[in-house]
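K.L.:
Below is a structure I'd like to ask you about.
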Amino acid sequence: MRLFRNCLCLATFFIVGSPLIAPAKCDDIAERAHKLHFSSIVLDTHDDTTQRFFSKTFDIAKRNSDGSIDIPRMKEGGMNAIFFSIWIDGRIMGPPAVQKALDQIDAVHENVRKNSKDMVFCRTADEVRRAHKDGKIAALIGVEGGHMIGNDIRIVRIFGDLGVRYMTLSHFYNDEWADSSTDKPAHNGLTDAGKDIVREMNRQGIMVDISHVSDKTFYDALEVSKAPLIASHSSCRALCNHVRDMSDDMIKALAAKGGVIQINYEISFIDQAYKDASDKLSGGVVALIDQIKKACGDEEECMGRKMNEQHDKAVAEGKLPHVTWERIIDHIDHAVKLVGADHVGLGSDFDGASMPEGMEDASKLPKITEALMRKGYSDDDIRKILGGNLLRVMEQNEKVARELQAR
């Protein structure tokens, strides 16, 4: 007898003094979704796993009991392309910020080198596709916060040489040249120096990432950049009114210039009830981060763990509501209905945020593909959302960089 793996429909027989009622035919969506998912490039633009490289107990090659990312769970979930996020506290500026960023960039390169059987470092969209063809995980780098250039535009060029392929213009705090969405405006968006930095990012082929920035900074960057922008890990403000999310008008403007919004899985960015309860409990996202940083001290690698510990405790005590992974699908679907499937992707925030139930780690990612297929999404559109759209934007940034460098 053949068993249909993961089949959701049940073959039910009723004998109630009448002829046997035939069972419903089992659908094949689960099987088709599995094949589609594991044959696609599944690219995540934002994972805070980098900080874990500095922990003595973390080994990305082994299956870990905590966190969200390691090679075994990536393979299990079909994640075969990952942007390792370079992150430090946004209040660290100048040369110390540059040094800490360089330390983390080096840690990514070293961990990829040590695991070269499974991973390969990539700088271009073609290299990501080649890695996929070779059966390896493509490792890329994104810098989460413009404060890490130390207010020195030359560092943008150094980052480019080291393989950085996107930079978020600000983080939770304003930097010297860009306003953040979670700080009081200081620059009215981008300063003139900030606009020059965007231009230099274009020249280096570094994608301009507008997650975390203020609305004014977003529109300034959109106007200045000659290449499409990305939101590496943001969701939809229409579904969850958080300043870290994008309004419908912003998503439309981003898409109109060829950009892509990579949906964030962080619970307080995807669920309004949770966001409201969390704000009431902690005082807002910045206050929460400050509490966690105080508990972790200089051990930045502990922040994701502490955040999840606090979340789990608050949910268990009934102080925060349960949120399931289907909310991610709601945000993907909203953005697709707004601007089309060519402008939406995945930016989980794994290892740096609290995940919804059922999407705790990379092994759960096939659920997204199956859910989209059950909604009627075409195979081509699902492949775009899983990674194709981001690769297209990478290619467009590469093209702009070649044109600017040729002048």
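The values are calculated or read from the model by the stated rules, or taken from the named source; none is laboratory data. Since we're looking at a predicted model, the values are computed, not measured. Virtual Cβ from ideal backbone geometry, glycine too; neighbours counted across all protein chains shown. SASA here: full protein model, heavy atoms, side chains in, ligands and nucleic acids out. Shrake-Rupley method; radii C 1.70, N 1.55, O 1.52, S 1.80 Å.
K.L.:
Quick one: what Rg and Dmax do you get for segment 94-162 from the alpha carbons, in Å?
P.N.:
That works out to 13.6, 41 Å for Rg and Dmax.
K.L.:
Still on this structure: Among residues other than Ala33 whose Cβ falls under 10 Å from its Cβ, what is the net charge (Lys/Arg +1, Asp/Glu -1)?
P.N.:
Once positives and negatives cancel, what remains is 0.
K.L.:
So, one more: FRET efficiency for Ala273 and Arg407, Cβ-Cβ distance as r, R0 = 45 Å, nearest 0.05?
P.N.:
E between Ala273 and Arg407, to the nearest 0.05, is 0.30.
K.L.:
Same structure again: Order Tyr274, Tyr173, Tyr219 by their accessible area, 1.4 angstrom probe, all chains in place, largest first.
P.N.:
In descending accessible area the options line up as Tyr219, Tyr173, Tyr274.
K.L.:
Taking a 1.4 Å probe, which of Arg157, Arg91 shows the most accessible area, and what order do the others take after it?
P.N.:
Arg91, Arg157
K.L.:
At 1.4 Å probe size, with every protein chain present, just tell me what the per residue accessible area of the chain comes to in Å².
P.N.:
Each residue of the chain exposes 43 Å² on average to a 1.4 Å probe.
K.L.:
Could you rank Ile289, Ile153 by how accessible they are, 1.4 Å probe, largest area first?
P.N.:
The most accessible residue leads, giving Ile153, Ile289.
K.L.:
Name the residue farthest towards the positive end of the dipole of segment 179-292 from the options Ala193, Ala287, Val224, assuming +1 on Cβ of Lys and Arg, -1 on Cβ of Asp and Glu, about the Cα centre.
P.N.:
Looking along the dipole axis, the top candidate is Val224.
K.L.:
State whether segment 134-291 is rounded, prolate or oblate according to the following rule on the C-alpha gyration tensor (a ≥ b ≥ c being the square roots of its eigenvalues): a/c under 1.5 gives rounded; otherwise a/b larger than b/c gives prolate, and the remaining case gives oblate.
P.N.:
Here segment 134-291 falls in the prolate category.
K.L.:
Which values of log₁₀ I(q)/I(0), to two decimal places, follow from the Debye formula for segment 269-366 at q = 0.12, 0.14, 0.15, 0.18 Å⁻¹ with a uniform point scatterer at every Cα?
P.N.:
Log10 of I(q)/I(0), two decimals: -0.45, -0.60, -0.68, -0.94.
K.L.:
What helices does the chain hold that run 30 Å or longer along their axis, going by alpha-carbon atoms, with a Kyte-Doolittle average of -1.0 or more, using DSSP H for the helix calls?
P.N.:
94-114
K.L.:
Rounded to a whole number of µm²/s, how large is the Stokes-Einstein D of segment 219-300 at 25 °C and 0.890 mPa s, given Rh as the Kirkwood radius over C-alpha pairs?
P.N.:
173 µm²/s
K.L.:
So, one more: With a/c under 1.5 counting as rounded, go ahead and sort segment 30-130 into rounded, prolate or oblate using the C-alpha gyration tensor (a ≥ b ≥ c being the square roots of the eigenvalues; past the cut-off, prolate if a/b is larger than b/c, else oblate).
P.N.:
Judged from the Cα gyration tensor, segment 30-130 comes out prolate (a/c at least 1.5, a/b above b/c).
K.L.:
Roughly how many percent of the accessible protein surface of segment 78-179 is carbon and sulfur, given a 1.4 Å probe and a whole-percent answer?
P.N.:
50 percent
K.L.:
Leaving out ligands, DNA and RNA, and with a 1.4 Å probe, what % of the accessible surface on segment 274-407 is carbon or sulfur?
P.N.:
47 percent
K.L.:
Quote the accessible area belonging to Val400 in square angstrom, nearest 10, computed with a 1.4 Å probe and with ligands, DNA and RNA left uncounted.
P.N.:
Spelled out: Val400, probe radius 1.4 Å, area about 20 Å².
K.L.:
According to the square roots a ≥ b ≥ c of the eigenvalues of the Cα gyration tensor, what is the shape class of segment 336-401, taking rounded for a/c under 1.5, prolate for a/b larger than b/c otherwise, and oblate for the remainder?
P.N.:
Note, shape of segment 336-401 comes out oblate.
K.L.:
At q = 0.08, 0.10, 0.12 Å⁻¹, what log₁₀ I(q)/I(0) does the chain have when each alpha carbon counts as one equal point scatterer in the Debye sum?
P.N.:
-0.41, -0.63, -0.91
K.L.:
Using the structure shown, list the pairs from Lys293/Lys313; Lys293/Lys364; Lys133/Lys384; Lys337/Lys367 with a Cα-Cα distance above 22 Å, or answer none.
P.N.:
Lys293/Lys364
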